[in-house]
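Step one of this worksheet: look at the structure below.
No lab work stands behind these numbers, since they all come straight from the coordinates. As the structure is a prediction and not an experimental result, all values here were calculated from the model. As a convention, Cβ positions derive from the backbone with ideal geometry for all residues, glycine included, and neighbour counts pool all protein chains shown.
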There are 2 protein chains.
Amino acid sequence: MEELIQMIRRGDRAALARAISLVEDGAPGSRELVRAAYRTPRNSRVIGITGAPGVGKSSLVDGIVDQLRSAGRSVAVIAVDPSSPFTGGAILGDRVRMKRRTTDPQVFFRSLASRGHLGGLTRATGDVLTLVGVAGFDDVLVETVGAGQSEVDVMKYASTVLVVLTPGLGDSVQTLKAGILEIGDVFVVNKADLPGADRTGAELEMMLDMRPQGGWRPPVIKTVATSGVGLDELARAIDAHYEYLKSSGNLKTRVRNRFLASIEDYLKREMVDKVLKAASTSGELERCLAALEAGEDDPASVASRLAARYLTAGPCSPLVRSEG
Amino acid sequence: MEELIQMIRRGDRAALARAISLVEDGAPGSRELVRAAYRTPRNSRVIGITGAPGVGKSSLVDGIVDQLRSAGRSVAVIAVDPSSPFTGGAILGDRVRMKRRTTDPQVFFRSLASRGHLGGLTRATGDVLTLVGVAGFDDVLVETVGAGQSEVDVMKYASTVLVVLTPGLGDSVQTLKAGILEIGDVFVVNKADLPGADRTGAELEMMLDMRPQGGWRPPVIKTVATSGVGLDELARAIDAHYEYLKSSGNLKTRVRNRFLASIEDYLKREMVDKVLKAASTSGELERCLAALEAGEDDPASVASRLAARYLTAGPCSPLVRSEG
């Protein structure tokens, strides 16, 4: 695994693709791979792009890639596609888009399909982004389809988040999901040649004015990705936000929050799984479920009791013991 | 709180509305309220309705309410609307739809806004559905906007899940999110008077044929909710699925899974929060974050160590002690 990491570091794209597949599949050894990746220097700028289906994210990402390549930067694109495993949307998109990019060795494109578990996908995304960072790309674009909680979670891994909308009711400001307005660093009104673009832009500006003031004020940029309109302005906004993050010290905070989110994610899986398994083995869980069915208990109380039983406190804690 | 529960049981709608607000806000006493609700008999049939924005869920829900009312059943509608707190979508929808229903005392409508945290909303939804169950409605419809992970989570609280699509590319079968196809008990192609309805229906049938066979085969029903087309067929499908759940014993399984999901949700919050807090207080977390920044550690390893330190095992476990 250490060798695979070294191959990725030296720019071996096939090794990177193989490593990503291992992590995506949760294959044996993938955990060691991720461990090694986290212990290897990484300096990529991570840019997140999110928005509802149909706002033209793929074209926009392609346009941003062109802009970054013109500036001499290498780019990796990770498309997180939570399509149903039955439809295989990710693979389809991959093939179409790969074709456009295979000629340029400084561009890497990969989509991650969910295999049914969005939570797992979010976790895998953090690990995959770390692997891509090891490969030394100047920029990593992470693109999500849709705008639900899983997309908000994925965006935690980005330093700069672009939220993409289009003019018109279906994707208007009114339909922005909880948390999306809050996480946007740059707002993009794509397909700005459609009627209503000015109104959507104005609505966004109004919403943004209602955000707590101070620090970075997200710009609203109109683009027509398919014809390249506004892409240079968008690239400048991305640069400006990154400069702001660095000069304000917020870049360090974002990296920390990303680590914290990742720890939290792993903790959830590990602890909750262990406790439920232990409670199941001991028969405790069965008794709790029966009591719930009989209307003699409630889930919050059950969880409190289980947490109290399986969490150490005071003298029994190995942490305290190891330090005392 | 016990008194409030008794008022809800006697059919006091104002008391129910007040109780829901308490739970939604996480107000003092709301936990006791929920505890009491879980210990009170409830027999409502819970029907979930999910689908992307624009598929006509509101009209469809209104149509289903009409069907259920014609059959003499009382109905509560809980609309889970994760719109941004900045846009207040939920409140707007509430006002418009409330007006249509205020004349019928056997219909209760309430929307839940997210206040920024989708995870919290999912949790609150389970508690609110329990409160509504105490009020004795024959049917509770729970409607979510969008089709992300949080929507899938909310649908865990339903016995019968309707997945709504429309003809056309934007909302076609290809764009169905992970997990949505898997949780649907009845599929609805709404706006079936639009071009492409037959194709969308056929695609769905094909996808459903790929699901593991045996048990319930979800029907695909075409509706035009605004003109009432297909609603009687839909109501029959809902009844048929519920009969299937009862006769197969799967209703009990679903109720159990719902309790389990709720326990898991509370456990996550309680344990992860406690461990992170303890690790933060002890300075351990700060050391871990510094090591991560220096590339000397990785999040999965940090989480494993924290879990091992704060989870009891063997002789220290009060659970084992209380039974030994």
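Summary for A:ALA308: label point 7 Å along Cα→Cβ; distances to the equivalent points in the other copies, ascending, 2.9 nm. Taking amide H as placed 1.01 Å from N in the peptide plane, the amide H of B:ASP104 sits under 5 Å from none that are at least 5 places away or on another chain.
Around the amide H of B:VAL188, modelled in the peptide plane, lie the amide H atoms of B:VAL163, B:VAL164, B:LEU165, B:ILE221, all under 5 Å away and 5 or more residues distant in sequence or on another chain. Inter-part distance, segment A:10-33 to segment B:1-20, computed on C-alpha centroids, equals 55 Å.
Inter-copy label distances for B:ARG217: 6.1 nm (label point placed 7 Å from Cα along Cα→Cβ; shortest first). Taking amide H atoms as placed 1.01 Å from N in the peptide plane, the amide H of A:GLY48 lies under 5 Å from those of A:VAL142, A:SER159, A:THR160, A:VAL161, A:LEU162, each 5 or more residues away in sequence or on another chain. I need the calculated FRET efficiency for the pair B:ASP273 and B:ASP198, taking r as the beta carbon distance and R₀ as 35 Å, to the nearest 0.05. In this case the efficiency is close to 0.10. The shape of segment A:222-269 comes out oblate: with a ≥ b ≥ c from the C-alpha gyration tensor, a/c is at least 1.5 while a/b does not beat b/c. Each residue of segment A:223-231 was assigned a 3J(HN,Hα) from its phi angle through the Karplus expression (A = 6.51, B = -1.76, C = 1.60, θ = phi - 60°), giving 9, 10, 4, 5, 10, x, 5, x, 5 Hz with x at Gly and Pro.
Annotation for A:GLY26, label-to-label distances across the other copies: 2.9 nm (shortest first, one decimal, point 7 Å from Cα along Cα→Cβ).
Farthest towards the positive end of the charge dipole of segment A:188-236, among the residues A:LEU208, A:VAL229, A:ALA192, is the Cα of A:LEU208, using unit charges on the Cβ of Lys, Arg, Asp and Glu. The mean number of partner chain beta-carbon atoms within 10 angstrom of a residue's beta-carbon across peptide B:284-297 is 3. Karplus-based coupling profile of segment A:271-287, in residue order and whole Hz: 6, 5, 4, 5, 5, 5, 5, 4, 5, 6, 4, 7, x, 4, 4, 4, 5, with θ = phi - 60° in 6.51 cos²θ - 1.76 cosθ + 1.60 and x standing for Gly or Pro. Greater than 28 Å separation of Cα atoms is the criterion. Which listed pairs, A:LYS156/A:LYS274; A:LYS268/B:LYS246; A:LYS268/B:LYS156; A:LYS246/A:LYS274; A:LYS156/B:LYS252, meet it? Flagged as over cut-off: A:LYS268/B:LYS246; A:LYS246/A:LYS274; A:LYS156/B:LYS252. 3J(HN,Hα) along segment A:34-50, derived from phi through the Karplus expression 6.51 cos²θ - 1.76 cosθ + 1.60 where θ = phi - 60°, amounts to 5, 4, 5, 5, 5, 9, 10, x, 9, 9, 5, 8, 9, 10, x, 10, 9 Hz, with x in place of Gly and Pro.
Just check segment B:235-302 against the gyration tensor rule for me: Cα atoms, a ≥ b ≥ c as the square roots of the eigenvalues, rounded for a/c under 1.5, and otherwise prolate or oblate depending on whether a/b exceeds b/c. Note, shape of segment B:235-302 comes out prolate.
Which whole number gives the average, over all residues in B:272-282, of C-beta atoms from other chains lying within 10 Å of the residue C-beta?
Averaged over the peptide's residues, the number is 4.
Per-residue shielding of B:12-21, expressed as the average number of other chain Cβ atoms within 10 Å of the residue Cβ, stands at 0.
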